[in-house]
1. Given the residues 351, 360, 327, which is the only one that is closer than 25 Å to residue 148 by Cα and without any contact (Cβ under 8 Å) to a residue 60 or more places away in the chain?
2. Output the strands (runs of 3 or more DSSP E) that fall wholly within segment 1-55 and possess 1 or more residues being at pLDDT below 80, or say none.
3. Any residue at all in segment 146-158 that's farther than 15 Å from residue 113 by Cβ, surrounded by fewer than 24 Cβ atoms within 10 Å (Cβ to Cβ) and at pLDDT below 90?
4. Criterion first (touching a helix residue (DSSP H, G or I) at 6+ places or on another chain (Cβ under 7 Å), at pLDDT 80 or above and either not in a strand (DSSP E or B) or not assigned by TED's automatic domain parsing to the domain that holds residue 153 (or both)) does residue 58 satisfy it?
5. Please go through segment 61-75 and pick out each residue that is in contact (Cβ under 8 Å) with a residue 24 or more places away in the chain, in a helix (DSSP H, G or I) and loosely packed, with under 14 Cβ neighbours inside 10 Å.
6. For segment 328-347, how many residues are farther than 30 Å from residue 366 by Cβ and at pLDDT below 90?
7. Taking segment 383-405, which residues are in a helix (DSSP H, G or I) and more than 18 Å from residue 146 (Cα to Cα)?
8. State yes or no: is residue 115 at pLDDT below 90, crowded, with 18+ Cβ neighbours inside 10 Å and either in contact with a strand residue (DSSP E or B) (Cβ under 9 Å, 6 or more places away or on another chain) or not in a loop (DSSP other than H, G, I, E, B) (or both)?
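The values are calculated or read from the model by the stated rules, or taken from the named source; none is laboratory data. Computed from a prediction, not measured in an experiment: that's the story for all the values here. Heads up, the Cβs are rebuilt from the backbone with ideal geometry, glycines too, and the neighbour counts pull from every protein chain shown.
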């Protein structure tokens, strides 16, 4: 059948195809009206149908002296068009699913990361090129108590809507666990349990999730991190020296069986942390060591702005057509000066509460925050009294001047106070309620030697509703 094929396969709407340019008695309109092939003289029109929807028409024409189409030739044309319709429909479905997955990934990733005073942040995300589609890479910056900052980067194996949806759940869960002020190894252990519980089938268990979580403390100038099967970060010193940190790997999330381990290290002022996913440095035709060396070279230029460094890294390290998603999070750390922090060790004597309340007021006067005196006096009185009465030695009071005022009281106890509404006949129980009403937020974090109760006061010291 060596005839010319006129293709009229303009994909139309799934509900009401609207062909344009056919005469009222044309075989094309008759084909659409009846829903089956139409042969007229030396023209055969076959509908492209898939899953009950007409996607278009294929018109076969012959020119004299060729004979009209016989039944066998029409059957062959119908078979060819049927296979074509399946391919066209699969292409439409893939394009639609790819667009949905990309939109889902874009919506679930943070559009604007938090910008705590202690760090500068820049980030990039590039989905995989070609038919594999979008994957499950994610990153986040999470403000924590005590002016600390949580940093996270993770990767969900696979591509498509399922990987993007899993990524969204992971990011939300990490943010919720980070708000509990958990240490990195404990956060990953709880996340590992949640991932293992959510894996119901053997297919699910083939989906791996890796994650790296770090906490930077600008007061102590210290960073602690743990990883679950994820690549370790790079640390760039102010002079441009680059080091890939040696961290215990830990298993990917959901496998269980092995513990996670936190490692801490000090960071110099203006040091740069580079957190990334494997798609940035690894490909089928490139060994990961080659990618890491290229990353070192791209990061080792001192004095550049973070956005410029991000662009340089992505262009120098990433392949032209990446086979996997690539995420990069650059964090330049800063330390709080000694003038921004004041701390006192407290004897476990209720008679000393007034003295340390007075010390806190004097420090506020030094900092020029006289309008916050009333709130800080109440917070210090309540938290120090609770620490002495219910906590235990050692007791320590610390004030931090950041974007707001942070009041922290640490003690050797492991029992956290609970907010409750006191009844009219109760003699106590109202102090913590007042702290919660007058501060922006408050909470408890546990340490190896006890706990710290903290409260953040906005600079204008107005009660928060």
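1. Going through 351, 360, 327 in turn, the sole match is 360.
2. Per the criteria, 5-8, 38-40.
3. Scanning segment 146-158 turns up at least one residue that is farther than 15 Å from residue 113 by Cβ, surrounded by fewer than 24 Cβ atoms within 10 Å (Cβ to Cβ) and at pLDDT below 90.
4. On the way: touching a helix residue (DSSP H, G or I) at 6+ places or on another chain (Cβ under 7 Å): yes; at pLDDT 80 or above: yes; either not in a strand (DSSP E or B) or not assigned by TED's automatic domain parsing to the domain that holds residue 153 (or both): yes.
Criteria met by residue 58.
5. Once the filter is applied, which keeps residues that are in contact (Cβ under 8 Å) with a residue 24 or more places away in the chain, in a helix (DSSP H, G or I) and loosely packed, with under 14 Cβ neighbours inside 10 Å, segment 61-75 yields nothing.
6. 0
7. Here is the first cut: in segment 383-405, the ones in a helix (DSSP H, G or I) are 383-391.
Once the filter is applied, which keeps residues that are in a helix (DSSP H, G or I) and more than 18 Å from residue 146 (Cα to Cα), segment 383-405 yields 385, 386, 388, 389, 390, 391.
8. No.
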